[in-house]
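The next block holds one structure in the form of structure tokens; read it before the comments.
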Amino acid sequence: MGFAERVAVRRKSKDLKNELKELRKHILVTLGGDKAQLSNDLKEFQTSMELGAALYADYVDARDNLNHAREAIVKLLECMGEKQDTEVKTDLQNLVTCLEKVYHDCSIREDDLDFQSTLCNLKKMTANYSENMTGMSKVMLRSELENVKAVLDDAAEWKAPDFLALAYYYLHADKNALRDMENEQRNQFVLAYFKNEFMDELMGQFYRAGKEPEVRALIKEYIYG
């Protein structure tokens, strides 16, 4: 993250803090209640929002690389026979660089041993790619590219989680417990945890204070905007 991006993140965080201060005042005036508890809840909310925004940004970057890799593989499979070997090797090297950036806990995980093995094989084939490759070697390369694309195509269909819920879960529970869950199972699990443990009660206060639509808009803008 560059200097300008860090400044933007700090400014965004400061703006969020100010928004939540005003929200706290409104709730206390409208509903009363325990000041200390509300302050703690809103601080927890802010921390989860900030982490959620970071997780979403990382997810978007990983998905962009995933989709770029899918497109690159399609072009390679279509044009490998028509390009010079030096061009093909450069395309393969660029593809490998892209594939190394597709990892995310909500997409292809870094601990996915099958994908790591496939990528390792592709790296070796890329490093050894030359005009002296046999026809069988090129057939094997095509097969490996098709295998990678199949994995990417499958991951591309997975739905994204609620990143605020995911952030809260990461802050309070064992993220390793999610490792073996299917994508949609994980999404539903972290959302239920978030709502049951924290957000339903807090959102109830927002609703009673007449601020629920405003808070939902704030979440959408801060994390996904």
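Descriptive notes on the structure:
- Residue-wise HN-Hα coupling along region 217-224, computed from phi with Karplus coefficients 6.51, -1.76, 1.60 (Hz; x: Gly, Pro): 5, 5, 4, 4, 5, 5, 8, 10
- Charge dipole magnitude, Cβ of K and R +1, D and E -1 - the chain, Cα centre, debye nearest 20: 920
- Per-residue ³J(HN,Hα) for region 69-84, Karplus 6.51 cos²θ - 1.76 cosθ + 1.60, θ = phi - 60°, Hz, x for Gly and Pro: 5, 4, 5, 5, 5, 4, 5, 5, 5, 7, 10, 4, x, 9, 9, 5
- Relative compactness, region 151-202, computed as alpha-carbon Rg over 2.2 N^0.38 Å: 1.20
- DSSP loop GluC sites (Glu not before Pro) with at most 11 other Cβ within 10 Å: longest gap in the chain: 1-109
- Full extension of the chain between Glu157 and Lys220 gives 20.5 nm of extra length, using 0.36 nm per residue less the Cα-Cα distance.
- The chain: most fluctuating residue of Ala127, Ala156, Ala57 per GNM, C-alpha cutoff 10 Å: Ala127
- Dipole size of region 22-116 about its Cα centre, with +1 on Lys/Arg Cβ and -1 on Asp/Glu Cβ: approximately 500 debye, rounded to the nearest 20.
- Taking the 1.4 Å solvent-accessible surface of the chain as the whole, the part contributed by carbon and sulfur is 48%.
- Three-way shape call for region 44-83 based on the alpha-carbon gyration tensor, with the a/c threshold at 1.5: prolate
- Here the spin labels are modelled as points 7 Å beyond Cα on the Cα-Cβ line, and at Thr134 and Arg6 they lie 5.4 nm apart.
- The residue among Leu113, Gln84, Cys98 whose Cα reaches farthest toward the positive pole of the charge dipole of region 74-118, with charges on the beta-carbon of Lys, Arg, Asp and Glu, is Gln84.
- Tail fraction, Cα-Cα pairs, the chain, threshold 33 Å, whole percent: 36
- FRET efficiency estimate (nearest 0.05) - Cβ-Cβ, Asp111 to Ala54, R0 30 angstrom: 0.90
- Region 184-225: C-alpha gyration tensor shape, a/c 1.5 cut-off, then a/b vs b/c: oblate
- Cα convex hull of region 13-73, projected area averaged across orientations, nm²: 5.1
- Taking region 1-148 and dividing mean pair separation by its residue count, relative contact order in percent (alpha carbons under 8 Å, at least six apart): 21
The values are calculated or read from the model by the stated rules, or taken from the named source; none is laboratory data. Every value quoted in this text rests on a predicted model; they were computed, and no experiment measured them. Note that each Cβ is placed from the backbone with ideal geometry, even for glycine, and that neighbours are counted across all protein chains shown. Each accessible area value is taken on the protein alone, full model and side chains, heavy atoms only, with ligands, DNA and RNA left out. Shrake-Rupley method; radii C 1.70, N 1.55, O 1.52, S 1.80 Å.
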